[in-house]
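Before any comments, here is the structure.
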Amino acid sequence: MSQQIWGNPQRWDAAEWQSEATWADRFMYIDPYFWSYFGVALALATSIIGASWGIFVTGVSLLGSTVKAPRIRSKNLISVIFCEAVAIYGVIMAIIMIGKIGPIEDIPTEQNGINVCYTYALYCGYSLFWTGVSVGLSNLICGIAVGVTGSGCAISDAQTPETFVKILVVEIFGSALGLFGVIVGIIQCSGATFPKVCPSA
Amino acid sequence: MSDPIPPPDSAYFFGYIGVASAVVFANLGSSYGATKSGVGICSMGVLKPDLIMKSVIPVVMAGILGIYGMIVGVILQGKVANCSSAQQGYAYLSAGLCCGLSSLAAGLSIGIVGDAGVRANAQQDRIFVGMILILIFAEALALYGLIVSLILSQT
């Protein structure tokens, strides 16, 4: 029963959807579960794209500079580890968000009850989607920032060892961007647990 | 409950998009990793042919990404066929996208780092360990995507 009413509370058939539904209706009846699961995928995939971008930008410079200054190899791997941490932020957020998604067991039968239930589920879905966007894009940018800084760090360390620690401070500031994204994301999805039982009207 | 309601047809549509994206994007990443590193090996091997077999490691690591995509694709296609709700269809879409795009990103990274690494390794032997460490970090990215995909496929 829930499948047929969910997203079709007026119980329109296909012809009625064609003639009566506005674009707003069609947008509103995009399944909330789609929004939430797509947010999970966005959070994870964009974070990992950011981490990988950072790793290759740093890695190339590190490997190139190590040819003439082999002593820098082990110290500068810390830049790569900072980029990996960005990916781990994405994994943590994805797992938190997956925990918020769950089936709704009991959908009421009368129209008002269905609307209240659907509205609450839409709120959860939209919240998780935009959490995914904010976390994912922050981590994407953080990964690139840490990667570019790490690249400069390796090159300058190869020439002047004293600069390593100072540029590491810049990298730490860059890595804080991802952390901001995670903090905001956790707050953003904090109230977005899908209800097991629909709230009463 | 008397009869289970079948899921809407869109559940299968999105589920199979997940299957396809897992395989396609993972293979894209794997091929980019293999070709970019391979070109580096070919350039480097002209002057240092003894190092060629050691330098094939980035190519092997890139190949593993294709296997991750295949694993997730096979697991998901079995589940999509028995999909019982729209929610599951979207979960399988998300699982496929997570694995595929993570493997794509990891493949990009493995390719570019592998290319630079094998060329640098030819000039300085101490670089080998550093190159392997960076490649392992890049490979781990695909593993994270695989783990989250497998968690999502359990819904």
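In this structure, is B:ALA11 crowded, with 23+ Cβ neighbours inside 10 Å and modelled with pLDDT under 95?
Considered against the rule, which asks whether it is crowded, with 23+ Cβ neighbours inside 10 Å and modelled with pLDDT under 95, B:ALA11 comes out as yes.
So the check is Cβ under 7 Å with 6+ separation or different chains; which pairs have a first residue in segment B:124-136 that's within 7 Å of another protein chain (Cβ to nearest Cβ) and a second one that's among the hydroxyl-bearing types (Ser, Thr, Tyr) and open to solvent by less than 40 Å² (accessible area, probe 1.4 Å)?
Within 7 Å, the pairs are B:GLN124/A:THR66; B:ILE127/A:THR66; B:GLY130/A:THR66.
If A:VAL165 passes every condition in (1) free of Cβ contacts under 8 Å to residues at least 12 places away in the same chain; (2) open to solvent by 80 Å² or more (accessible area, probe 1.4 Å); (3) not in a helix (DSSP H, G or I) but one, which one does it miss?
Of everything listed in (1) free of Cβ contacts under 8 Å to residues at least 12 places away in the same chain; (2) open to solvent by 80 Å² or more (accessible area, probe 1.4 Å); (3) not in a helix (DSSP H, G or I), A:VAL165 misses just condition (3).
When you check A:ALA45 against the structure, is it over 30 Å from A:LYS75 (Cβ atoms) and either in a helix (DSSP H, G or I) or not aliphatic (A, V, I, L, M) (or both), yes or no?
yes
With B:TYR90, B:TYR68, B:TYR32 as the choices, which residue is within 9 Å of another protein chain (Cβ to nearest Cβ), among the aromatic types (Phe, Trp, Tyr) and either closer than 26 Å to A:LEU140 by Cα or buried (at least 24 other Cβ atoms within 10 Å of the Cβ) (or both)?
Only one candidate qualifies: B:TYR90.
How many of the residues making up segment B:35-54 are open to solvent by 30 Å² or more (accessible area, probe 1.4 Å) and either outside any helix (DSSP H, G or I) or without any contact (Cβ under 8 Å) to a residue 40 or more places away in the chain (or both)?
Summing the residues that are open to solvent by 30 Å² or more (accessible area, probe 1.4 Å) and either outside any helix (DSSP H, G or I) or without any contact (Cβ under 8 Å) to a residue 40 or more places away in the chain (or both) in segment B:35-54 gives 8.
Can you name every residue in segment A:171-201 that is outside any helix (DSSP H, G or I), closer than 22 Å to A:TYR37 by Cα and open to solvent by 90 Å² or more (accessible area, probe 1.4 Å)?
A:LYS196, A:VAL197
Is segment B:147-155 home to any residue that is outside any helix (DSSP H, G or I), open to solvent by 60 Å² or more (accessible area, probe 1.4 Å) and facing another protein chain (nearest Cβ under 9 Å)?
The answer is no, given that none of the residues of segment B:147-155 is outside any helix (DSSP H, G or I), open to solvent by 60 Å² or more (accessible area, probe 1.4 Å) and facing another protein chain (nearest Cβ under 9 Å).
In this structure, does A:GLY64 turn out to be out of contact with any Leu (no Cβ under 7 Å at 6 or more places or on another chain), facing chain B (nearest Cβ under 7 Å) and assigned to a helix (DSSP H, G or I)?
Taking the combined requirement at face value, the residue satisfies it.
Does segment B:55-64 contain any residue that is within 30 Å of B:PRO7 (Cβ to Cβ) and open to solvent by less than 10 Å² (accessible area, probe 1.4 Å)?
No, because not a single residue in segment B:55-64 is within 30 Å of B:PRO7 (Cβ to Cβ) and open to solvent by less than 10 Å² (accessible area, probe 1.4 Å).
Any idea which residue in segment A:30-63 is surrounded by the most Cβ atoms within 10 Å (Cβ to Cβ), counting only those that are free of Cβ contacts under 8 Å to residues at least 40 places away in the same chain and more than 23 Å from the chain's Cα centre (by Cα)?
Here the residue is A:GLY59.
Is it fair to say A:ILE88 is open to solvent by 40 Å² or more (accessible area, probe 1.4 Å) and either assigned to a helix (DSSP H, G or I) or facing chain B (nearest Cβ under 8 Å) (or both)?
yes
The values are calculated or read from the model by the stated rules, or taken from the named source; none is laboratory data. Everything numeric here is computed off the predicted structure, so don't read it as measured data. Reconstructed Cβ throughout: ideal geometry from the backbone, glycine too, with neighbour counts over all protein chains shown. For accessibility, only protein heavy atoms count, side chains too; no ligands or nucleic acids. Shrake-Rupley method; radii C 1.70, N 1.55, O 1.52, S 1.80 Å.
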